[in-house]
Amino acid sequence: MLGFLIQRVLQAAAVMVIISVLVFVGVFAIGNPIDVLIAPDATQDIRLDTIRRYGFDQPLWKQYLNFVTSLVQGNFGRSFVFNMPVLDLILSRLPATLELTLAAVIGATIVGVPLGMYAGYRPHAITSRAIMGLSVIGFSVPTFWVGLLLIMGFAVELGWLPAGGRGDTVAVLGVQWSVLTLSGWSHLVLPALTLSLFRMALMIRMARAGMREAMLSDYVRFARAQGLSDTKVIFGHVLKNISIPLVTVFGLELAATLAFAVVTETIFSWPGLGKLIIDSIQSLDRPVMVAYLMLVAFLFIMINFAVDVAYAALDPRVRGRS
Amino acid sequence: MTRRDASPFIRFCSEFAENRLALFAFSVVVIIVGAAILAPLFTPQDPYDIGKLILGDARRPPGYVGRGGYVHLLGTDAQGRDLWSAILYGLRISVQIGLTAGAVAFVVGGALGVVAAFAGGRIEALIMRFVDLQLSFPTILLALVISAILGQGKWQLTVALVASQYAYFARTAHGAAVAERAKEYVEAALSTPLSSGVVVFRHILPNCMPPLIVVATVQIANAISLEATLSFLGLGLPVTHPSLGMLIANGFQYMLSGRYWISIYPGIALIMLILAINLVSDQVRDQLNPRLQR
C-alpha cells in the first residue's frame with residue numbers, strides 16, 4: 001500500500017508540473033497584457049518600463065521559472081485589473097460560488113433521486129414517462145437558456161425575484177454569506193435552479209438505472225419472498241446498494257460545478273469564481289487566469305488521487321494491477 | 001431474432017421506426033438540417049451581408065414589413081437582421097460545426113483508443129492516463145480556455161470542440177477494443193500473415209463501432225450546445241457571423257425591456273435541434289446496448 005501511495009503521489013506531482021507548463025504557455029498565447037496595464041497614449045518610455053517591471057521582455061522559460069519560484073513561496077502574483085494579490089481575490093470570490101454550488105447540487109439530489117427511483121420502480125407508469133421526459137429536457141436545454149427563461153418569467157414578467165446580484169450578505173468569521181438573509185435567498189433561488197436542472201436530470205437517470213437493475217436482482221426477490229413489503233425492501237436494502245454510484249456522481253458533480261459555474265454566474269451577475277474567470281479572460285488578466293486554472297487543476301488532481309486511494313483501500317485488485 | 005434474413009442495417013432501421021417518438025425526432029433533425037443547408041432558398045435576406053442590413057428596421061416585432069418590402073416573420077434583431085434568416089443561417093453554422101467537430105473527434109479519439117488498446121504497455125498507459133486526466137475536467141472549461149487561446153473563428157472553435165471532446169471517443173474505443181482484443185477471432189486473425197494494422201482496422205475497429213456511434217450522437221448534440229454556450233459568452237464566432245448562441249446573447253439585453261423575440265426564437269430553434277438529436281440518440285443507445293437486448 002505504501003509503494004502504491006508513493007507512486008500515486010509522484011504521478012500527481014508530475015501531472016501538476018505538466019499542467020502548470022500547459023497553462024502557462026496557453027495563457028501566454030492570449031492577447032498582449034501590456035495593453036491592459038497602460039493607457040494607449042502612454043509614452044514609449046513608460047511602455048518599456050512597464051514591460052521590464054513585469055518581466056515581459058524575458059524569454060518564456062525564464063518567465064515560467066520566475067512564476068514557479070514565487071508560486072513555491074505561496075505568491076500567485078497580483079491581478080492586473082484589481083491590483084490585489086490573486087489568491088486573496090480568488091478566496092474572496094469562493095464563498096459565493098460555494099453556496100451556489102451546494103444549493104444546486106444538494107437540491108438536484110433531493111429532488112432527482114426520489115424521482116429517478118420512482119421511475120425505475122414503475123418504469124411503465126405515465127408519471128415515470130413524464131419524469132423521463134423532464135430529464136431528457138434537462139439534458140438538452142443549454143444552461144444559459146434555462147437562466148434566460150427563468151429571468152424572463154420570474155424577474156421580468158412576474159417580478160417576484162431579482163434578476164441578478166447576490167443580495168444582502170452577513171459576515172460570519174470574516175466571510176460574507178448570503179444564505180443567512182432573506183434577500184440573499186431570494187437572489188440565490190434562480191441561479192441555483194438554473195445550475196441544478198442538468199444535475200437533476202443526471203441524478204434521475206442514475207437513480208432510475210440503479211433502481212431498475214436492483215429490482216430484478218436476486219436479493220430483492222429473496223427479500224420479497226421473505227414477506228417484506230416493497231417499502232421495506234426499497235428503503236432497507238435497495239437504497240443502500242444504489243447509493244454507491246450516486247454518491248460518486250454527487251462528489252464529482254460537486255467538484256465540476258464548483259470549478260465551473262461560469263455560465264450561470266455570468267447570466268445572473270453572481271460574483272463568484274466563474275464570473276471572475278470569464279472577466280479575466282475578457283480583460284486579459286493573466287495572473288488571475290493562470291492561478292485559477294492551476295487551482296482547478298489541483299482540485300481535480302486531489303479528487304482523482306483521493307478516489308484512487310479509496311478504491312485501492314477497498315479493493316486489493318487495484319493495488320496489484322498498478 | 002426475427003427478420004434474420006434482412007441485413008443488419010435494415011433490421012436496425014425497422015426497429016428504430018417502431019419507436020414513434022424517435023422517428024418523429026429523426027424527421028425533425030432531417031428537416032432542420034435540410035432547411036439549414038438550403039437556407040438561402042428559404043430566406044429573404046443574407047444576414048451576413050452587412051450592406052443589406054437596415055438599421056431603421058432594427059428591433060421590430062414579428063410580422064413587421066420592413067423597408068426591404070418583405071415581412072419579417074419573426075421580427076428583426078438589434079442590427080436590423082431578419083431573425084428568420086439569421087436563425088436558419090445560424091442553424092447552418094451550428095450543424096456544420098457540430099458535425100465537423102463530432103466527425104473529427106470520432107476519428108482522432110477512436111484511432112487513439114484502438115491503437116492504445118492494441119499497442120498496450122507504455123504507449124497505452126501514456127495515452128489513457130492523459131485521456132483520463134482530461135476527462136476529469138469539465139468539458140466546458142477546456143473548451144472555454146482553448147477557444148480563448150485560439151481566438152474567434154469557425155475553425156478555431158472546431159479545434160476547441162474537438163480537443164475537448166475526443167477524449168470521450170478515445171475512452172469508449174479503448175474499452176471496446178480491449179474487450180475485442182481478448183476474443184478468439186482476433187487471435188486467429190493475428191496468427192495469419194495479416195499485418196497488425198489490417199487486423200486493427202479491418203477486424204477490431206468495425207466491432208468497436210456500436211458504442212462509438214452512441215457516443216457520436218451524444219457528442220454532436222453536445223458540440224452544438226457547447227458552440228452556442230461559447231458564442232453566448234462571446235468566445236465563439238465573430239460578431240459579423242452571429243450563430244444561434246450569439247443571437248440569443250445579443251437579444252438578452254433587450255429582453256428586460258419586453259423585446260422577447262430577439263432571444264426567444266433562436267433559443268427555440270436551438271433547443272428543438274438539440275432535443276431532437278438527443279431523442280434519436282436515446283433510441284440508438286437502447287438499440288445498440290447489448291444488455292437491453294432480448
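Things to note:
- Residues of region A:207-222 falling in the label zone of residue A:243, defined by backbone nitrogen less than 18 Å from a point 7 Å along Cα to beta-carbon, are A:207-212, A:214-215, A:220.
- Shielding by partners - mean other protein chain Cβ count within 10 Å, residues of B:143-151: 5
- Per-residue mean of C-beta atoms belonging to partner chains within 10 Å, peptide B:128-138: 4
- Against chain A, whose longest principal axis comes from its Cα atoms, helix A:126-140 is set at around 10 degrees.
- Rh by Kirkwood over Cα pairs, then Stokes-Einstein D for region B:94-245 at 1.306 mPa s and 10 °C, µm²/s: 98
- Rg/Rh (Cα only; Kirkwood hydrodynamic radius) as it applies to the protein assembly as shown: 0.98
- Helix B:139-150 and the longest principal axis of the Cα set of chain B meet at an angle near 70°.
- Largest GNM mean-square fluctuation among A:125, A:108, A:209, using chain A with Cα springs under 10 Å: A:125.
- Residues B:247, B:133 arranged by fewest to most Cβ contacts within 10 Å: B:133, B:247
- Cα shape, chain B, gyration tensor, a/c 1.5 rule: prolate
- Close amide-amide hydrogen proximity is noted between residue B:76 and B:59, B:60, B:83, each under 5 Å apart and 5 or more residues distant or on a separate chain (H modeled in the peptide plane; Pro and chain starts excluded).
- At 1.002 mPa s and 20 °C, Stokes D of region A:227-287 from Kirkwood alpha-carbon radius, µm² per second: 147
- Net length available on complete extension from residue A:231 to residue A:157 is 22.4 nm, with 0.36 nm assigned per residue and the Cα-Cα distance removed.
- Counting only DSSP H runs of at least 4 residues, each contributing -39500 (n - 2.57), and dividing by the residue count of chain A, the helix-based mean residue ellipticity at 222 nm comes to -23500 deg cm²/dmol.
- Annotation: amide H of residue B:236 within the under-5 Å range of B:231, sequence separation 5 or more or interchain, hydrogens built in the peptide plane.
- Estimated inter-spin distance, residue B:18 and residue A:185, nm [label 7 Å along Cα→Cβ]: 5.1
- Distance histogram for region A:190-308 (every C-alpha pair counted, 5 angstrom bins, percent rounded to whole numbers): 2, 10, 15, 14, 13, 13, 9, 8, 6, 5, 3, 2, 1, 0
- Inter-label distance for residue A:313 and residue A:45, nm, one decimal - labels placed 7 Å from Cα along Cα-to-Cβ: 6.3
- When chain A is treated as a Gaussian network with alpha carbon springs shorter than 10 Å, the biggest mean-square fluctuation among A:267, A:303, A:278 belongs to A:303.
- Loop-located trypsin sites (Lys or Arg not before Pro) across region B:113-188 with a Cβ neighbour count of 13 or fewer within 10 Å are B:183, with loop assigned by DSSP.
- Gyration tensor (alpha-carbon) shape descriptor, chain A, a/c threshold 1.5: oblate
- Under 5 Å, built H, 5+ apart or other chain: amide partners of residue A:78: A:86
- Couplings 3J(HN,Hα) of region A:57-74, computed from phi: 7, 7, x, 4, 4, 6, 4, 5, 4, 4, 4, 5, 4, 6, 5, 4, 7, x Hz, in residue order, whole Hz [Karplus 6.51 cos²θ - 1.76 cosθ + 1.60, θ = phi - 60°; x for Gly and Pro].
- Note on residue B:10 and residue A:306: their simple-model spin labels are 5.6 nm apart, each label 7 Å out from Cα toward Cβ.
- Region B:167-285: radius of gyration over Cα atoms, expressed as a fraction of 2.2 N^0.38 Å: 1.60
- Label point 7 Å beyond Cα of residue A:124 along Cβ direction - residues of region A:214-234 with amide nitrogen under 17 Å: A:215-216
- Rounded tilt (10° steps) of A:86-121 against the dominant C-alpha axis of chain A: 20
- Estimated FRET transfer efficiency when R0 is 35 angstrom, pair residue A:61-residue A:94 (beta carbons, to 0.05): 0.65
- Its residue count N sets the reference 2.2 N^0.38 Å, and the alpha-carbon radius of gyration of region B:176-241 equals 1.82 times that reference.
- Relative contact order for chain A, counting Cα pairs under 8 Å that sit 6 or more residues apart, in percent: 27
- Going by neighbour counts of Cβ atoms within 10 Å, the residues A:285, B:282, A:57 line up, fewest first, as A:57, B:282, A:285.
- What the phi angles of region B:18-31 give under the Karplus curve with 6.51, -1.76 and 1.60, with θ = phi - 60°, is a coupling list of 5, 8, 5, 4, 5, 5, 4, 4, 4, 5, 4, 4, 4, 5 Hz, glycine and proline written as x.
- Pairwise Cα separations in region B:230-280 fall into 5 Å bins from 0 onward with the following percentages, short to long: 5, 22, 23, 23, 17, 7, 2, 0.
- Evaluating 6.51 cos²θ - 1.76 cosθ + 1.60 at θ = phi - 60° for every residue in region A:150-164, the Karplus couplings come out as 5, 4, 5, x, 8, 9, 8, 6, 7, x, 7, 10, x, 8, x Hz, glycine and proline recorded as x.
- Region A:94-150 shape via C-alpha gyration tensor axes, a/c threshold 1.5: oblate
- Residue A:269-residue A:81 FRET efficiency (beta carbon distance; Förster radius 25 Å; 0.05 resolution): 0.90
- When the Cα convex hull of region A:42-103 is projected onto planes of every orientation, the mean area is 6.0 nm².
Values quoted throughout were computed directly from the atomic coordinates according to the rules given, and no laboratory measurement underlies them. This is a predicted model, so every value here is computed, not measured. FYI the Cβ positions are ideal-geometry reconstructions off the backbone, even for glycines, and counts take in every protein chain you see.
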